[in-house]
Amino acid sequence: MEGIHTFFYSIKQGIINLKRNKMFTITSICTITACLFLFGLCYSLVSNIQYIVKSIEGNVAITVFFDEGTKDSQKAEIALELKENKKIKKVEYISAEQAWENFKEDIFETQPELVDTFEEDNPLADSDSYLVYVKDMSEQNSVVKTIEKMDGVRKVKSSKEAVKTLVTFNRVIGIVSVVLIIILLTVSTFLIQNTIIVGISVRREEIRIMRMIGATDFFVQGPFVVEGITIGLIGALIPILVLLITYNRVLNWISSQFGVLTNWISFLSLQSEFMVIVPACIGLGVGIGLVGSLVTVKKHLNV
Amino acid sequence: MEEKSAKIVSLSNVSVTYPTGSKALKNFSIDIYKGEFVFVVGASGSGKSTFIKLLLREVEPSSGKVVVNGKNITNLKHKDVATHRRRIGVVFQDFRLLKDRNVFENVAFAQRVISMPHRLIGRNVSKVLALVGLEEKKKAFPKELSGGEQQRVALARAIVNQVPLLIADEPTGNLDPKTSMEIMQLLENINRQGTTVIVVTHDREIVDMMQKRVVTIKDGEMFSDVEQGQYTESLAASETRFNME
Ligand SMILES: Nc1ncnc2c1ncn2[C@@H]1O[C@H](COP(=O)(O)OP(=O)(O)O)[C@@H](O)[C@H]1O
Ligand SMILES: [Mg+2]
């Protein structure tokens, strides 16, 4: 029976406390909002960069050319062997005609007058090939070496530069995100600690009196827990709202400033960002609020 | 000797040593019976508040045995402390009211702590506020009250749960003589209705006037324990010396 009464009392008193200690409430909400906003910002930044890198990676392929006169059955065997390789994601066959068409398209864009000079005669006959996509960029070199040793393979073409750049870039992003998270955690811990210290000094007397009268730990903690959760929730909803309003605008702005980029890269949709940010912010906010309030009370319960 | 009514407080050979090494109570024994009104007197630093803290289980005895309300609280677990305190009403020199809650809420708070159903709280609180003469100030906040009024609120809070034992640690320490007398009269009323009352005080006039049992503590030891006693001559003498030092 104690539970029900205490539960409603806790909710009511928690909300009353929030209103009474306005300054404390506002500071706490601002602290959590600031931390979670930074978190959201970092996350969108890093996840977008990773997404862009991934999509570039997905377009980088190894081209495998065959020895002259290689039979179709032998080509099929090569394909089979490639597909069995765990490091390889996808193998695509490019016929000679297709290669010619692609080539013409490329040329046409820059020097259309040249196309006619080739007439209908395909100079790329015999240059059918496989396009091999690897799962992990950093494995590309070893895959190239394996393919080069295979029978019937004349030449393996890969862009070593592109791979090197992407692998380095990925590593840099990894380090940057770790550093950002460490900074963020340090700042958050510091801010939240300060908020809790203020909370303790505000509540010391109150908790002492509650204990004196014979309030259980559960009863003393109740309103504080309600307070903490509410502060955490509001502190999470504000940055979510801000990101909701600004995300697409910022992306549009970036696209308009760097128009060239839009042909090459695309960004993560707001929806897929929010799949992570919303639960993470709410979880973190409520978690911080809850732990903060419990820490505040615990210090004074042993009287 | 004929058996008296049941003991409500019983200390047997209790010693309290604080972590600082200060020996606040030494081999202290006392029995207090249901319905009694007891003054505890002694020079400042003699161990009176430590005695109160023992009963509330704010400090644990270093040795000896403490029984309150029929329960041995010598080694009470943390989770049982709350239940133990619910059976003791307590008031202090500094009132200890919640500053952000009005008179009614301060008293009702004690009822909420014991999960009193909502519909009964209003009635019970009004009843004790009438008893201490503060019905009209229900909505006032502590800072709008005089010291005497604040102590009445604290008293109302202490007794609203119909506790068998009421403890007051220098309840009139911050009050003028007239108000002090009124508070003492209230305590006596409460005692007459059956509640055991233990009052720590410095106030010689009150002690001498009320003719109650007087327990004198000196340097953490039982100095004297007298029915219908006075603020002891010898203590007065020792206090004078103390003051002159
Ligand atoms: N929390 C404490 N820590 C260390 N020493 C204490 C503490 N409380 C009281 N004392 C010491 O114990 C002795 C008795 O104190 P107390 O019980 O408060 O006396 P009284 O209430 O009679 O003035 C004093 O010497 C005091 O300094
Ligand atoms: Mg004292």
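The values are calculated or read from the model by the stated rules, or taken from the named source; none is laboratory data. Bear in mind that the values here come from a model prediction, so they are computed numbers and not experimental data. Positions of Cβ are backbone-derived with ideal geometry, glycine not excepted, and every protein chain shown enters the neighbour counts. Keep in mind that these areas ignore ligands, DNA and RNA; they rest on the heavy atoms of the full protein, side chains included. Shrake-Rupley method; radii C 1.70, N 1.55, O 1.52, S 1.80 Å.
For residues in the range B:101-125 being open to solvent by 10 Å² or more (accessible area, probe 1.4 Å) and not in a helix (DSSP H, G or I), which is farthest from the other protein chains (Cβ to nearest Cβ)? Give the steps one after another, and end with the answer.
Taking the range B:101-125 first, the residues open to solvent by 10 Å² or more (accessible area, probe 1.4 Å) are B:102, B:104-105, B:112, B:114-120, B:122-124.
Then drop every residue that is not not in a helix (DSSP H, G or I), which leaves B:102, B:114-117.
Working: B:N102: 12, B:I114: 7, B:S115: 4, B:M116: 8, B:P117: 7 Å.
Looking at the filtered set, the residue picked out is B:N102.
If a residue must be open to solvent by less than 90 Å² (accessible area, probe 1.4 Å) and either facing chain B (nearest Cβ under 10 Å) or touching a strand residue (DSSP E or B) at 6+ places or on another chain (Cβ under 8 Å) (or both), how many such residues does the range A:11-26 contain?
4
Given the criteria at pLDDT below 75, part of a helix (DSSP H, G or I), more than 30 Å from A:V286 (Cα to Cα) and not β-branched (V, I, T), does A:E113 qualify? Show your work before the answer.
Numbers: at pLDDT below 75: yes; part of a helix (DSSP H, G or I): yes; more than 30 Å from A:V286 (Cα to Cα): yes; not β-branched (V, I, T): yes.
Answer is yes for this residue.
Among what's in the range B:71-94 and is away from chain A (no Cβ under 13 Å) and open to solvent by 70 Å² or more (accessible area, probe 1.4 Å), pick the residue that is nearest to B:R112 (Cα to Cα).
B:K71
So, in the range B:70-95, how many residues would count as being within 16 Å of the chain's Cα centre (by Cα) and either assigned to a loop (DSSP other than H, G, I, E, B) or farther than 22 Å from B:V197 by Cβ (or both)? Break it down into steps so the answer makes sense when it comes.
To start, the set of residues in the range B:70-95 that are within 16 Å of the chain's Cα centre (by Cα) comprises B:84-95.
Adding the requirement that they be either assigned to a loop (DSSP other than H, G, I, E, B) or farther than 22 Å from B:V197 by Cβ (or both) leaves B:86-87, B:93-95.
Final tally of qualifying residues: 5.
Being of a type in the set (S, T, Y), away from every other protein chain (no Cβ under 14 Å) and within 16 Å of ligand 1 (Cβ to nearest atom): is that true of B:T179 here?
Working: of a type in the set (S, T, Y): yes; away from every other protein chain (no Cβ under 14 Å): yes; within 16 Å of ligand 1 (Cβ to nearest atom): no.
When the stated conditions are applied, B:T179 does not pass them.
Quick one: would you say B:L98 is away from ligand 1 (no atom under 16 Å from the Cβ), closer than 19 Å to A:R208 by Cβ, part of a loop (DSSP other than H, G, I, E, B) and open to solvent by 10 Å² or more (accessible area, probe 1.4 Å)?
On the way: away from ligand 1 (no atom under 16 Å from the Cβ): yes; closer than 19 Å to A:R208 by Cβ: yes; part of a loop (DSSP other than H, G, I, E, B): yes; open to solvent by 10 Å² or more (accessible area, probe 1.4 Å): no.
No.
Conditions (1) surrounded by 17 or more Cβ atoms within 10 Å (Cβ to Cβ); (2) over 22 Å from B:K212 (Cα atoms); (3) among the aliphatic types (A, V, I, L, M), marked per residue:
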| position | (1), (2), (3) |
| --- | --- |
| B:G47 | yes, no, no |
| B:L54 | yes, yes, yes |
| B:R57 | yes, yes, no |
| B:P61 | yes, yes, no |
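Scanning the range A:211-232 for residues that are in contact with a Gly (Cβ under 6 Å, 6 or more places away or on another chain) and of a type in the set (A, V, I, L, M), which turns out farthest from the other protein chains (Cβ to nearest Cβ)?
Step one: of the range A:211-232, the residues in contact with a Gly (Cβ under 6 Å, 6 or more places away or on another chain) are A:223, A:226-229, A:231-232.
From what's left, of a type in the set (A, V, I, L, M): A:226, A:229, A:231.
On the way: A:V226: 15, A:I229: 20, A:I231: 18 Å.
The residue in question is A:I229.
With A:V220, A:V143 as the choices, which residue is surrounded by 18 or more Cβ atoms within 10 Å (Cβ to Cβ) and closer than 30 Å to B:R87 by Cβ? Please lay out each step first, then the result.
Details: A:V143 fails: closer than 30 Å to B:R87 by Cβ.
The conditions single out A:V220.
Quick one: is B:V68 within 16 Å of ligand 2 (Cβ to nearest atom) and either of a type in the set (F, W, Y) or crowded, with 18+ Cβ neighbours inside 10 Å (or both)? Quick ask: steps written out before the conclusion?
Details: within 16 Å of ligand 2 (Cβ to nearest atom): no; either of a type in the set (F, W, Y) or crowded, with 18+ Cβ neighbours inside 10 Å (or both): yes.
When the stated conditions are applied, B:V68 does not pass them.
What residue, among those in the range B:189-218 that are in a loop (DSSP other than H, G, I, E, B) and away from ligand 1 (no atom under 16 Å from the Cβ), is most open to solvent (accessible area, probe 1.4 Å)?
Looking only at the range B:189-218, we keep the residues that are in a loop (DSSP other than H, G, I, E, B), and these are B:193-195, B:201-203, B:211-212.
With away from ligand 1 (no atom under 16 Å from the Cβ) added as a condition, the list becomes B:193-195, B:211-212.
Working: B:Q193: 135, B:G194: 49, B:T195: 20, B:Q211: 81, B:K212: 39 Å².
Looking at residues that are in a loop (DSSP other than H, G, I, E, B) and away from ligand 1 (no atom under 16 Å from the Cβ), I get B:Q193.
Could you give me the residue pairs with C-beta distances under 7 Å whose first residue belongs to the range B:28-53 and is more than 16 Å from ligand 1 (Cβ to nearest atom), whose second residue is assigned to a helix (DSSP H, G or I) wherever it lies, and which are 6+ apart or on separate chains?
B:F37/B:E188; B:F37/B:N191
Taking the options B:I73, B:I114, B:I88, name whichever one is more than 16 Å from ligand 2 (Cβ to nearest atom), free of Cβ contacts under 8 Å to residues at least 24 places away in the same chain and either of a type in the set (V, I, T) or within 28 Å of B:Q185 (Cβ to Cβ) (or both).
From the options B:I73, B:I114, B:I88, the qualifying one is B:I73.
I'm told B:F39 meets every condition in (1) within 27 Å of A:Q221 (Cβ to Cβ); (2) away from chain A (no Cβ under 14 Å); (3) of a type in the set (A, V, I, L, M, F, W, C) except one. Can you identify the failing condition by its number?
(1)
Sort through B:I183, B:I167 and tell me the only one that's more than 16 Å from ligand 2 (Cβ to nearest atom) and open to solvent by less than 20 Å² (accessible area, probe 1.4 Å).
Values: B:I167 fails: more than 16 Å from ligand 2 (Cβ to nearest atom).
Of B:I183, B:I167, the one residue that is more than 16 Å from ligand 2 (Cβ to nearest atom) and open to solvent by less than 20 Å² (accessible area, probe 1.4 Å) is B:I183.
Being open to solvent by 30 Å² or more (accessible area, probe 1.4 Å) and within 14 Å of chain B (Cβ to nearest Cβ) is true for just one of A:R208, A:R249, A:R203, A:R171. Which residue is that? Before the answer, list the steps.
Values: A:R249 fails: within 14 Å of chain B (Cβ to nearest Cβ); A:R203 fails: open to solvent by 30 Å² or more (accessible area, probe 1.4 Å); A:R171 fails: within 14 Å of chain B (Cβ to nearest Cβ).
That would be A:R208, the only listed residue that is open to solvent by 30 Å² or more (accessible area, probe 1.4 Å) and within 14 Å of chain B (Cβ to nearest Cβ).
Using the structure shown, decide if B:V14 is among the β-branched types (V, I, T) and either more than 18 Å from B:V197 (Cβ to Cβ) or open to solvent by 70 Å² or more (accessible area, probe 1.4 Å) (or both). Steps first, answer last, please.
Numbers: among the β-branched types (V, I, T): yes; either more than 18 Å from B:V197 (Cβ to Cβ) or open to solvent by 70 Å² or more (accessible area, probe 1.4 Å) (or both): yes.
The answer is yes for B:V14.
Could you go through the range B:1-9 and let me know if any residue there is within 16 Å of ligand 1 (Cβ to nearest atom), under 18 Å from the mean Cα position of the chain (by Cα) and more than 25 Å from A:Q221 (Cβ to Cβ).
Among the residues of the range B:1-9, not one is within 16 Å of ligand 1 (Cβ to nearest atom), under 18 Å from the mean Cα position of the chain (by Cα) and more than 25 Å from A:Q221 (Cβ to Cβ), which makes the answer no.
Inspect all residues belonging to the range B:54-61 and state whether any of them is within 14 Å of ligand 1 (Cβ to nearest atom), over 27 Å from B:R157 (Cα atoms) and away from chain A (no Cβ under 13 Å).
Taking the range B:54-61 and keeping what is within 14 Å of ligand 1 (Cβ to nearest atom), we get B:54-56, B:58-61.
Checking the rest, the ones that are also over 27 Å from B:R157 (Cα atoms) come to B:61.
Among the residues that remain, those that are also away from chain A (no Cβ under 13 Å) are: B:61.
So far as the range B:54-61 goes, yes, one or more of its residues are within 14 Å of ligand 1 (Cβ to nearest atom), over 27 Å from B:R157 (Cα atoms) and away from chain A (no Cβ under 13 Å).
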